[in-house]
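Okay, structure first, notes after.
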Amino acid sequence: MSSPPKTFHVKSFGCQMNVYDGERMAELMAADGMTAAADAGSADLVVLNTCHIRERATEKVYSDIGRLRKNARLEGRTAPMIAVAGCVAQAEGEEIVARAKVDVVVGPQAYHNLPRLVADAAAGTPALDTDLARLAKFGRLPARRSVAPSAFLTVQEGCDKFCTYCVVPYTRGAEVSRGFDAIIDEARALVDAGAREITLLGQNVNAWADADGRGLHDLIRVLDRIPGLSRIRYTTSHPNDMAEGLIRAHGEVESLMPFLHLPVQAGADRVLRAMNRHHTRDGYLRLLDRIRAVRPDIALSGDFIVGFPGETEAEFADTLSLVDEVGYAQAFSFKYSPRPGTPAAEISDQIAPEVMDDRLQRLQASLNRDQHAFNRASLGRRCTVLVERRGKLAGQMLGKSPWLQSVHLLTEAPIGALVEVDLIQAGPNSLAGVPVSPAAVAA
Ligand code: SAH
Ligand code: SF4
Ligand code: F3S
């Protein structure tokens with residue numbers, strides 16, 4: 001028994017969907033009468049919204065729990081109540097309770113029950129809910145209130161692809177799409193609450209479909225007509241779900257930004273087969289050709305895994321040559337991490353850590369080179385920048401170009417403004433832009 005928490009702090013790890021979930025949990029607890037604390041150190045309740053994708057991510061949960069308790073002890077405070085949410089909660093719920101004695105464990109499909117679970121825990125009842133109920137939470141969350149100029153909106157969850165290395169189909173469950181009207185309503189609420197850009201989220205967002213046979217492009221075309229919504233993005237897509245209609249939308253829908261995150265993971269067909277990716281290197285490259293044909297300036301992004309079990313040096317070289325061929329504007333790359341319960345973890349031919357380190361370094365050198373080249377190629381372009389926050393230097397604002405590059409605006413401008421700029425400097429990670437005229441800066 002302890003008194004119910006009055007203040008809370010949510011800390012999210014992992015992907016953008018976890019960030020979205022974290023925001024929704026915070027809204028839920030605020031609606032339940034709790035107040036947001038400035039940081040984890042001063043909160044009565046800390047929600048750790050966790051990620052299970054790689055071993056490192058999972059271990060963070062336990063080190064964070066230890067640190068929160070130790071700091072409270074050193075400062076003579078009562079330890080906060082700890083709720084573990086997110087994908088580690090789903091995958092290892094019982095283990096977390098046994099190993100770290102946390103008060104609440106709640107999975108990604110059950111967090112609408114968080115206030116009740118917290119109340120149960122405060123009353124002395126252990127609280128664990130890892131029900132994978134489809135879409136149950138969305139109907140039970142409070143309305144969106146105040147959001148940043150660039151907001152996330154989950155439209156699809158779960159994954160049926162079962163790539164052999166990946167835990168997501170187990171932690172998020174089967175693919176399921178939210179209904180058309182619920183999504184449009186939430187998008188309108190986000191725009192009313194201040195969003196100018198919405199990124200539609202899903203583990204396989206381009207698999208979004210509804211009972212009436214509509215696909216993601218239909219959703220995008222309706223969102224395009226919402227007054228005040230200037231930019232639409234979506235992530236993450238699977239190459240096999242890039243429907244013709246979605247490709248066409250990239251050439252036709254003005255608010256759909258010229259950026260596509262389309263993970264390929266590896267460049268050798270044998271590795272892609274062992275990963276159960278269901279596409280070949282060539283199939284992926286031809287798909288990019290079709291997208292570039294309708295939207296020549298599209299910026300491409302990807303995810304890569306190095307050191308998948310059995311990956312030879314020659315196969316890794318295929319990944320490097322694919323990167324050379326595509327010329328990504330940005331990308332994420334990871335060392336393969338064996339995950340319990342996934343088929344790839346059972347393959348005997350695991351790659352030595354020093355080989356993975358070396359491959360990751362070489363891959364990242366190529367990806368950084370291409371990112372810098374893409375940024376340099378943007379010099380002299382005129383484009384809009386959505387102002388998202390203040391920069392580190394006085395009088396400087398930070399925002400994003402249509403191609404998702406970070407742009408420093410060398411002038412004051414209101415947060416949420418879309419400013420037309422000329423791009424005048426390009427570094428490896430960001431660009432600098434100047435407004436084309438003083439009038440361009442008005443919100
Ligand atoms: N649904 C998305 C993203 C899934 S997770 C997609 O299929 O693209 C994000 C990225 O993490 C993956 O694209 C992959 O590159 C990486 N990843 C997933 N499992 C991994 C593992 N076991 N080890 C290393 N990286 C992994
Ligand atoms: Fe994981 Fe593959 Fe599904 Fe992406 S498509 S979430 S990598 S199983
Ligand atoms: Fe991590 Fe779960 Fe997202 S495992 S990457 S938080 S779907």
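Collect the residues in the stretch 299-318 that are surrounded by 18 or more Cβ atoms within 10 Å (Cβ to Cβ) and either of a type in the set (Phe, Trp, Tyr) or within 17 Å of HIS261 (Cα to Cα) (or both), keeping them in residue-number order. Break it down stepwise before answering.
Residues of the stretch 299-318 surrounded by 18 or more Cβ atoms within 10 Å (Cβ to Cβ): 299-302, 304-309, 311, 315-316, 318.
Hits for the stretch 299-318 are ALA299, LEU300, SER301, GLY302, PHE304, ILE305, PHE308, PHE316.
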Matching residues in the stretch 41-57 (open to solvent by less than 20 Å² (accessible area, probe 1.4 Å) and more than 16 Å from ligand 3 (Cβ to nearest atom)) number 3
How many residues of the stretch 1-21 are buried (at least 20 other Cβ atoms within 10 Å of the Cβ), over 14 Å from ARG116 (Cα atoms) and over 12 Å from the mean Cα position of the chain (by Cα)? The answer is 3
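Being assigned to a loop (DSSP other than H, G, I, E, B) and within 12 Å of ligand 3 (Cβ to nearest atom) is the filter here, so list the residues in the stretch 166-177 that pass it.
Residues of the stretch 166-177 that are assigned to a loop (DSSP other than H, G, I, E, B), as a first pass: 166-167, 172-175.
Scanning the stretch 166-177 gives CYS166, VAL167, ARG172, GLY173.
In the set PRO402, PRO414, which member is touching a residue at least 40 places away in the same chain (Cβ under 8 Å) and closer than 22 Å to ALA151 by Cβ?
Values: PRO414 fails: touching a residue at least 40 places away in the same chain (Cβ under 8 Å).
Answer to the check: PRO402.
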Among the residues of the stretch 227-250, the number that are within 16 Å of ligand 1 (Cβ to nearest atom) and assigned to a helix (DSSP H, G or I) is 4
By residue number, the members of the stretch 114-156 that are within 22 Å of ALA31 (Cβ to Cβ), open to solvent by less than 20 Å² (accessible area, probe 1.4 Å) and either touching a Pro at 6+ places or on another chain (Cβ under 7 Å) or not in a loop (DSSP other than H, G, I, E, B) (or both) are LEU114, LEU117, VAL118, ALA121, ALA122, ALA127, ALA151, LEU153, THR154
Test result for ARG270, open to solvent by 40 Å² or more (accessible area, probe 1.4 Å) and in contact with an Asp or Glu (Cβ under 9 Å, 6 or more places away or on another chain): yes
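Condition check ((1) part of a loop (DSSP other than H, G, I, E, B); (2) touching a helix residue (DSSP H, G or I) at 6+ places or on another chain (Cβ under 7 Å); (3) within 16 Å of ligand 3 (Cβ to nearest atom); (4) open to solvent by 10 Å² or more (accessible area, probe 1.4 Å)) across all residues:
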{"residue": "CYS163", "(1), (2), (3), (4)": "yes, no, yes, yes"}
{"residue": "ASP218", "(1), (2), (3), (4)": "no, no, no, yes"}
{"residue": "VAL222", "(1), (2), (3), (4)": "no, yes, no, yes"}
{"residue": "ARG225", "(1), (2), (3), (4)": "yes, no, no, yes"}
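Per-residue answers, yes or no, for (1) aliphatic (A, V, I, L, M); (2) within 30 Å of PRO338 (Cβ to Cβ); (3) touching a Leu at 6+ places or on another chain (Cβ under 8 Å):
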site	(1), (2), (3)
PRO239	no, yes, yes
GLU244	no, no, no
ARG248	no, no, no
LEU260	yes, yes, yes
ALA266	yes, yes, yes
VAL271	yes, yes, no
MET275	yes, yes, no
THR280	no, yes, yes
LEU285	yes, yes, yes
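The values are calculated or read from the model by the stated rules, or taken from the named source; none is laboratory data. No experiment lies behind these values; they were computed from the predicted model shown. Cβ sites come from the backbone with ideal geometry, for glycine too, and all protein chains shown count toward neighbours. Quick note on the areas: whole protein, heavy atoms, side chains included, nothing else; ligands and nucleic acids left out. Shrake-Rupley method; radii C 1.70, N 1.55, O 1.52, S 1.80 Å.
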